[in-house]
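The values are calculated or read from the model by the stated rules, or taken from the named source; none is laboratory data. All figures in this text were calculated on a predicted structure; none of them were measured in a lab. Ideal geometry is used to build each Cβ from the backbone, glycine not excepted, and the neighbour counts take in all protein chains shown.
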Amino acid sequence: MRTRAMLKNGRKKPEEEKGRKMKKARKEKKNRKNKHSPMKTRALEKKDKKETKSACRVCVEEDGDLIKCARCPAEIHMTKKCIGLRELKYVEPGKWICPRCALCHICNKFIDDASNRICFHCGHAFHGHCAPKTSSSVDEWLCDLCCPFIGEADASSVKLPLAKISRTPNRKPRKSVSATQRLPWCPGLQEQRDQIHNSIVDHYKRCHNISVSSDEMDPEKPSTSRHEDDFVVVTDTDWELHNAATNSHLDMVDDPPSPELPLHPSPESSESEQYINYFNGRSKCIYQSPYPDEIRNAPEIYVCAFCLRSYSDKPEYVNHANCCKWRHPPGNEIYRDVAERISVFEVDGIVEREYCRQLCLLAKVFLSSKTLYHEVDTFKFYILCEHTTKGFVIRGYFSKEKNPSKNNNLSCLLTLPVARRSGYGKLLIDLSYQLSLREKKIGSPEHPLSDLGLLTYRSYWKAVIFAHIRKMKNNKETVFSVKDLSHATGIHQSDLLQTLVESRIIHFRKESSNCFLNPNPAYYAPLSMIRRRTVKPELLIWKPENPLSPGTKFTTYSAS
């Protein structure tokens, strides 16, 4: 019995020593954290946890004012970079909802489309196809519930003119003829109108010492009409001046520019500012374009809005504008959106050589990277126009090689200064990728791009990637493929990977070749970042010159 007790005591002795050592180690660990008062360790640990600052979910920075989501613990900086410039209008602490928690107010689904809308008054988000149709613009869009409220508030603050204030409310309103109603036609009344119109024309000619009568006018030339908005009389003298100016302009354009012409403005010429006038707009010339000497040295350059001919003399330009018969670019209209009032024309450089040269000269005023302006035969130009009462006015364009020597689906991109911040740059980029998809080609823009062009491309790539990742969450997809995304959008894989890394969506591990996907930057990014103008495929009437079989695989421009 003693032997067993001794054995038992002998077995317990090492366990007791081990327990004492563990207790001693724990005590030393607590003393290291707080040497002065080991009893307050837990309270200090809780205090340290409370003092740790939370980082912004978008820029991953701690400095600055943060706003917390009302539905999740996410916090985002109250800046236009992190929360969006337009979203700052309706941010209210305690009521603000982050982009990850924001759902469509109609279908209650995750927002993933490029045509999304946010009411700047109530902050409700909508899909593009779910948003109610209102007359407000995209920048300050209002939902159907806020439109009457804002309208009444604005109407109460606006003072009505005195002519519209009725002093006799009991009097019956006067009947007015609407635009849809038509009065009966009377031959006698029409003859009196014609006589009045002819007398006005004769009086105008006598006042301006014009001896040419209306009967002596050439029937092929445009004549005055009482249905026109502007009263303009075009005489034979005007036509002679117009033809002389046109012939001299063609002689200057047909001659190739001298090789000694500087591509960039000299310091002496940069001191005197130069402006270009185009369709009721006036913009400052950034670079010196290789126009003829008479136009290049003029302080004001006047460009026709339709045929793009340039003049240095304003009366000569006004005379040309009155005689110009052009109302749209030459070539084929491949895209028309009546709702957005825009169209796109495809112009071949070898067919419309003079017009394309004038377009390149106009682009050289705003682009430093534009070097080719005389050799346009190997390019096609896709010109974006706005619908106006006077015709199709150019707002931007991009050019593309017919047979690219490199893997480029776009050579030059320009949005005129009068039309910037309208979303036309991304729309032209989207059109270039839509054409590449129909050709079954994957390409990239030609380098070097201008500063604004590079920013526009990076913003477009980021918007496409973020919308795709948000759509994956909506469809509950778990596999992300860069190749599939490239085939769906036409963007080259190298451009996609570069954007994914810069956006902190893809992280590479140093110890292995594997990478992992972090979708939070796409989830917490403001919805305005994925909002953009897009090309509607059903409105694009364009086919490649070489028809493709249904089973054709994607290739690159350089491979063909």
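I'd like the residue in region 117-132 that is buried (at least 21 other Cβ atoms within 10 Å of the Cβ) and part of a loop (DSSP other than H, G, I, E, B) and, out of all such residues, is modelled with the lowest pLDDT. Within region 117-132, the match that is modelled with the lowest pLDDT is 119. Residues in region 416-457 that are farther than 20 Å from residue 401 by Cα and not small (Gly, Ala, Ser): 416, 417, 418, 420, 421, 424, 451, 452, 455, 456.
Among the residues of region 380-393, is there at least one that is in contact with a Pro (Cβ under 9 Å, 6 or more places away or on another chain) and over 29 Å from residue 541 (Cβ atoms)? Even if it seems obvious, please write down each step before you answer.
Start the filter on region 380-393 by keeping residues that are in contact with a Pro (Cβ under 9 Å, 6 or more places away or on another chain), which leaves 381, 383, 385, 392.
Then drop every residue that is not over 29 Å from residue 541 (Cβ atoms), which leaves none.
The answer is no, given that none of the residues of region 380-393 is in contact with a Pro (Cβ under 9 Å, 6 or more places away or on another chain) and over 29 Å from residue 541 (Cβ atoms).
Considering region 489-535, and only residues there that are exposed (fewer than 12 other Cβ atoms within 10 Å of the Cβ) and charged (D, E, K, R), the residue that is farthest from residue 75 (Cα to Cα) turns out to be 511.
A single member of 449, 485 is among the aliphatic types (A, V, I, L, M) and either in a helix (DSSP H, G or I) or on the phi > 0 side of the Ramachandran plot (or both), and it is 485.
Among the residues of region 361-377, are any within 22 Å of the chain's Cα centre (by Cα), free of Cβ contacts under 8 Å to residues at least 60 places away in the same chain and surrounded by fewer than 19 Cβ atoms within 10 Å (Cβ to Cβ)? So far as region 361-377 goes, no, none of its residues is within 22 Å of the chain's Cα centre (by Cα), free of Cβ contacts under 8 Å to residues at least 60 places away in the same chain and surrounded by fewer than 19 Cβ atoms within 10 Å (Cβ to Cβ). Screening 357, 341 for residues that are within 22 Å of residue 434 (Cβ to Cβ), basic (Lys, Arg) and touching a residue at least 40 places away in the same chain (Cβ under 8 Å) leaves exactly one candidate, 341. Find the residue count for region 308-363, including only residues that are among the hydrophobic types (A, V, I, L, M, F, W, C) and in a helix (DSSP H, G or I). So the answer is 9.
Scan region 380-404 residue by residue and report those that are free of Cβ contacts under 8 Å to residues at least 60 places away in the same chain and either crowded, with 19+ Cβ neighbours inside 10 Å or small (Gly, Ala, Ser) (or both). Within region 380-404, 380, 381, 382, 383, 384, 385, 395, 396, 397, 398, 399, 400 meet the criteria. Within region 299-357, the set of residues being under 16 Å from residue 279 (Cα atoms), out of contact with any Ser or Thr (no Cβ under 7 Å at 6 or more places or on another chain) and aliphatic (A, V, I, L, M) comprises 305, 308, 318, 321. Taken together, the criteria exclude residue 449 from residues that are surrounded by 19 or more Cβ atoms within 10 Å (Cβ to Cβ) and more than 25 Å from residue 537 (Cβ to Cβ). Among the residues of region 419-436, those identified as under 25 Å from residue 549 (Cβ atoms) and in contact with a helix residue (DSSP H, G or I) (Cβ under 8 Å, 6 or more places away or on another chain) are 433, 434.
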